[in-house]
Amino acid sequence: MTKIPNADAWADARRMFRWQSSLSGFVVVALFAIAMRQLGQADLDPSMRLPWLLLPIPGLAWAAREQVVHWRRQDEFYRMVNARAAEIAWPLTLAWIGVVALLATAYGFPMPIPAPFGLPSDTFGWMEVILVPIFMHMAAFLVVSKRYTGRR
Amino acid sequence: MTNRVQELRLARGWTQARLAEELDVSRQTIYAIESGRFDPSLPLAFLIARCFGLTIEEIFTPGGS
């Protein structure tokens, strides 16, 4: 098989890139971080709870819309790769939810993580619960994509 | 399904990127079709056939991997 020139790889990346998608991702993460920080304050005024809860909604709506646009721009090959990746990632995600439910029942939530070597201890909270399935889906996509486009 | 996409593309001196552009698909789609790992949909097969000025049967053959 012929080696793929770097220029072609960049052309592929440019074909799918939309700055709005990247920006919406950053905005939604930033709004979530601000809202979670404020909602986590011990002296939070109860009347401010709803405004902080609503803060990430516009960002989420934008990111969701960008995701739809991204899906619609994909060609049939990538739709197929995504479908195959979902076949792997969704059962793993369900298994992950089951494992987290078991652990949360046993240790409470957020779960304390013992820190070795004198490092500061940490907790296993919502961010970790959400990030793991996202990484699972990304990894499944990369594996399936590689299977169909990797050199023989 | 086996196909002659790579042979026909090279006969025209086109890169995978050029053919992808002609068909409005990603270059990986062309790569996956040429390597026999992905069978295109009927609409895309018609587009490929029209692009090379041939019929689908002249490009794609049933059987194989």
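The values are calculated or read from the model by the stated rules, or taken from the named source; none is laboratory data. Everything quoted here is computed from the prediction, not taken from an experiment. Quick reminder, even Gly has a Cβ in these numbers, built from the backbone with ideal geometry, and neighbours come from all protein chains shown. What goes into the accessible areas is simple: the full protein's heavy atoms, side chains included, and nothing from ligands, DNA or RNA. Shrake-Rupley method; radii C 1.70, N 1.55, O 1.52, S 1.80 Å.
Please compute, for the alpha-carbon atoms of the protein assembly as shown, the extent along each of the three principal axes and give them in descending order in Å.
Ordered largest first, the protein assembly as shown gives principal extents of 73, 33, 31 Å.
Taking both sides together, what accessible area is buried at the A/B interface, probe 1.4 Å, expressed in Å² and rounded to the nearest 100?
1700
Assuming R0 = 45 Å, what is the FRET efficiency of A:Ala106 and B:Glu7, from their Cβ-Cβ distance, to the nearest 0.05?
0.15
Indicate the helices, whole DSSP H runs only, in chain A that combine a mean Kyte-Doolittle hydropathy of 1.0 or more with a Cα extent along their long axis of 27 angstrom or more.
For chain A, where a helix must reach 27 Å along its axis and average at least 1.0, the hits are A:19-39, A:126-149.
Gaussian network model of chain A, Cα springs within a sub-10 Å range: biggest mean-square fluctuation belongs to which of A:Ala106, A:Ala64, A:Ala89?
A:Ala106
Considering amide H positions built from the backbone, and no H for Pro or chain starts, which residues 5 or more places from A:Phe124, or on another chain, come under 5 Å of its amide H?
Here A:Met111, A:Ile113 satisfy the definition.
List the residues of region A:72-87 that lose 40 Å² or more of accessible area once all protein chains are present, compared with their chain alone (1.4 Å probe, heavy atoms only, no ligands or nucleic acids).
A:Asp75, A:Glu76, A:Phe77, A:Tyr78
Counting helices only, and only those DSSP H runs with n ≥ 4, report the 222 nm mean residue ellipticity of the protein assembly as shown as the sum of -39,500 (n - 2.57) divided by its residues, in deg cm²/dmol to the nearest 500.
One gets -22000 deg cm²/dmol as the mean residue ellipticity at 222 nm.
Among A:Leu44, A:Leu60, A:Leu103, which one moves the most in a GNM of chain A with springs linking Cα atoms closer than 10 Å?
Ranking A:Leu44, A:Leu60, A:Leu103 by mean-square fluctuation puts A:Leu44 first.
Which of A:Gln41, A:Gln67, A:Gln20 ends up with the largest GNM mean-square fluctuation for chain A, with Cα atoms connected below 10 Å?
A:Gln41
How high is the FRET efficiency from A:Trp19 to A:Arg49, r the C-beta distance, R0 30 Å, rounded to 0.05?
After rounding, the FRET efficiency stands at 0.35.
Taking beta carbons within 10 Å but only from partner chains, what does the mean come to for residues B:21-27?
Mean number of neighbouring Cβ atoms from other chains: 4.
Let me have the relative contact order for chain B, percent, based on Cα pairs under 8 Å that are six or more residues apart.
46
Defining a contact as two alpha carbons under 8 Å apart and six or more residues distant in sequence, what relative contact order in percent does chain A show?
22
Give me a single rounded figure for B:41-53: the average over its residues of other chain Cβ atoms within 10 Å of their Cβ.
1
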